[in-house]
Amino acid sequence: MISTTAVLQEIAHARPAGLRAKLRTDHISMTFGRTGEEINVLDDVSIEVGDGEFVCLLGPSGCGKSTLLNVVAGFLKPSHGEVRIDGEIVNRPDRRRVFVFQERGVFPWLTVEGNIGFGLSALSESERTQRIAHYVELVGLKGFEKAYPRELSGGMKQRVEVARALAVNPDMLFLDEPFGALDSITRLIMRGELLRICAVARKTIIFVTHDIDEAVQLADRVIVMSARPAKIQKVVPIDIAHPRDISSSRYLALRDGILEAIGLAHKV
Amino acid sequence: MLLLVWQVAIGVQRAPILPTPWLVAKALVELAVSGRLMRYVVASLFRVTWGFALAAILAIPIGLTLGLYRRAEYAFNPIIQLLRPISPLAWIPISILWFGVGDIAAIFLIFLASFLPLTVTAMNAVASIPDVYLNAGRNFGLKRSQIVFRVLYPAVTPQLILGLRITLGIAWLVVVAAEMIAVNSGLGFLIVDARNAGNRYDLVVAGMVMIGVIGLLLDIGVKSLEKVPSISWGYSDD
């Protein structure tokens, strides 16, 4: 049993050849103390993410994958272990690495323009306008610059969030179930949009989801996490080129492999 | 319609329960012509403006700070909760003792009436801000003071406006009561004075009508702020 875990951790550390390590977590554990009772949320998690890699953290709801993302982003301090990005220890959030919340993270008191320009106050007026226009265009919100979030649909608000994050030109994005609140059709469209945007502006991305298909469609590598306390259960490289054919045998084989790792039956 | 019912109902009554609307209208004209109406309205508004503005200027930053620092909230909340149920009117003797009969006593009462509700509103507003807004602010590298002005403040504005609206209503109630005792001008004074000086109930009701009208206008004035697009998001779910 111990040896199996060790082997899996080895796999977790392995990264696609040719990529420099961007992020590395070193034996992270997280314990929340609540009303005297201690809850173990993360248990000895070591992962490595390559520069420019798209990694999905996949696990059941409430398993602690969001906690892991919050630790990596610097919002939470781990109880044990450390996170290093480009060799530096992470201890606070940083504008070079932007967290994309579900669409509820959009500021309702600002227009689309105001939201996208939120992180750009250091730029000159003209540069800022230019940058905003560029990202409005990129996420397909032209004509809605002056609209307030309450006038937008869920999918559009999510685009605003993504644009606000991209506008500060970060080198990493952390996405926490960003499409979780959207209907299934909009979700599919948004996945395509995200991949399109990623192709334009190459970023290192950690994407948290509980949706197996979403993980296999998007990621270069899927890290499967167990139920709480979250441990790395399996690491699955997705060796299919984009655009991915979601009825191809390779896709289905990878998906079934993950289903099996989680311990779910193939038949509903 | 209401006026008509009022007029007729009083007409069929023999005992002097209320003056008729016609008499009240005449009384209003009389007050306006003599210049007292304008003078009293200005006097009342002057006191409310000062008491309310001072309370808002102090209570909002204090309330936001208490909301931001949980420990301060734990320290001060018991005192606030103890003082809150005391009617501002209970402070009338003390305010006269401290400031004598005059404007300052009335302003002090209005200040007291507005200060605690506004502090509590601001404190609770901070507590209800979703973490995502503050985290997003931190993520974009904002300093603490920038987070206060660019995230905290806009996030609580809708609730603050609501609190200001309710509190201004309270302040307007209190000024009338304060003027009945602590000063010799204003709409509250008009009502007591008219009764004492020869039971002029037409003037009493005229004063009440003015209080109602001005109270309504104040409420409409604050309410119009709720229509501002950067604020209106706080009031509906759609």
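General remarks:
- The charge dipole of chain A, taken about its Cα centre with unit charges on the Cβ atoms of Lys, Arg (+1), Asp and Glu (-1) only, comes to about 300 debye.
- Loop-located trypsin sites (Lys or Arg not before Pro) in the range B:1-75 whose Cβ has at most 10 other Cβ within 10 Å (DSSP): B:Arg14
- For chain B: relative contact order, % (alpha-carbon pairs under 8 angstrom, 6 or more apart): 25
- Average Cα contact separation per residue, chain A, under 8 Å, 6 or more apart, as relative contact order %: 25
- Listed pairs A:Lys22/A:Lys146; A:Lys77/B:Lys227; A:Lys203/B:Lys227; A:Lys65/A:Lys142; A:Lys146/B:Lys143 exceeding 30 Å between Cα atoms: A:Lys22/A:Lys146; A:Lys77/B:Lys227; A:Lys203/B:Lys227; A:Lys65/A:Lys142
- Net +/- balance of residues flanking A:Lys22 in space, Cβ distance below 9 Å, scoring K and R +1, D and E -1: -3
- Mean separation of Cα contacts under 8 Å (6+ apart) over length of the range A:74-134, as relative contact order %: 21
- Rh by Kirkwood over Cα pairs, then Stokes-Einstein D for chain B at 1.002 mPa s and 20 °C, µm²/s: 106
- Among B:Pro117, B:Asn77, B:Ile170 the positive-end extreme of the charge dipole of the range B:55-177 (Cβ point charges): B:Asn77
- Two-site FRET efficiency, A:Ala21 against B:Ile129, from Cβ-Cβ distance with R₀ of 35 Å, rounded to 0.05: 0.45
- Footprinting exposure proxy ranking of A:Cys63, A:Cys56, fewest other C-beta atoms within 10 angstrom first, gives A:Cys63, A:Cys56.
- In a simple Cβ point-charge model (Lys, Arg +1; Asp, Glu -1; nothing else charged), chain B has a dipole of about 320 debye relative to its Cα centre.
- Placing a label point 7 Å from the Cα of B:Ser230 along the Cα-to-Cβ direction, the residues of the range B:55-76 whose backbone N falls under 19 Å from that point are B:61.
- For B:Asn184, the shell of other residues with beta-carbons less than 11 Å away shows a net charge of -3, using +1 for Lys and Arg and -1 for Asp and Glu.
- Between the residues B:Val33, B:Leu3, B:Ala106, the greatest Cα displacement towards the positive end of the dipole of the protein assembly as shown, with unit charges on the Cβ of Lys, Arg, Asp and Glu, is found for B:Val33.
- Applying the criteria of a DSSP loop state and at most 12 other Cβ atoms within 10 Å to the trypsin sites (Lys or Arg not before Pro) of the range A:182-268 yields A:Arg202, A:Lys267.
- Each Lys and Arg Cβ is given +1 and each Asp and Glu Cβ -1; about its Cα centre, the protein assembly as shown then shows a dipole of about 840 debye.
- For chain B, the residue among B:Val151, B:Val205, B:Ile220 whose Cα projects farthest onto the positive side of the dipole built from Cβ charges is B:Val151.
- In this simple spin-label model, placing a label point 7 Å from the Cα along the Cα-to-Cβ direction at both A:Asp183 and B:Ile170 gives a separation of 4.5 nm.
- Note on the range B:79-116 and the range A:185-260: Cα centroid distance 64 Å, given to the nearest whole angstrom.
- Other residues with beta-carbon under 14 Å from the beta-carbon of B:Ile166 carry, at +1 per Lys or Arg and -1 per Asp or Glu, a net charge of +1.
- Over the Cα atoms of the range A:91-152, the radius of gyration divided by the Kirkwood radius equals 0.97; this is the Rg/Rh ratio.
- Here the protein assembly as shown carries DSSP beta bridges of which approximately 55% are antiparallel, counting only pairs with both residues inside.
All of the numbers you see were taken from the coordinates with simple rules; none came from a lab. From a predicted model like this one, the values you see are computed outputs, not experimental measurements. Counting neighbours? That spans all protein chains shown, and the Cβs are built from the backbone with ideal geometry, glycine included.
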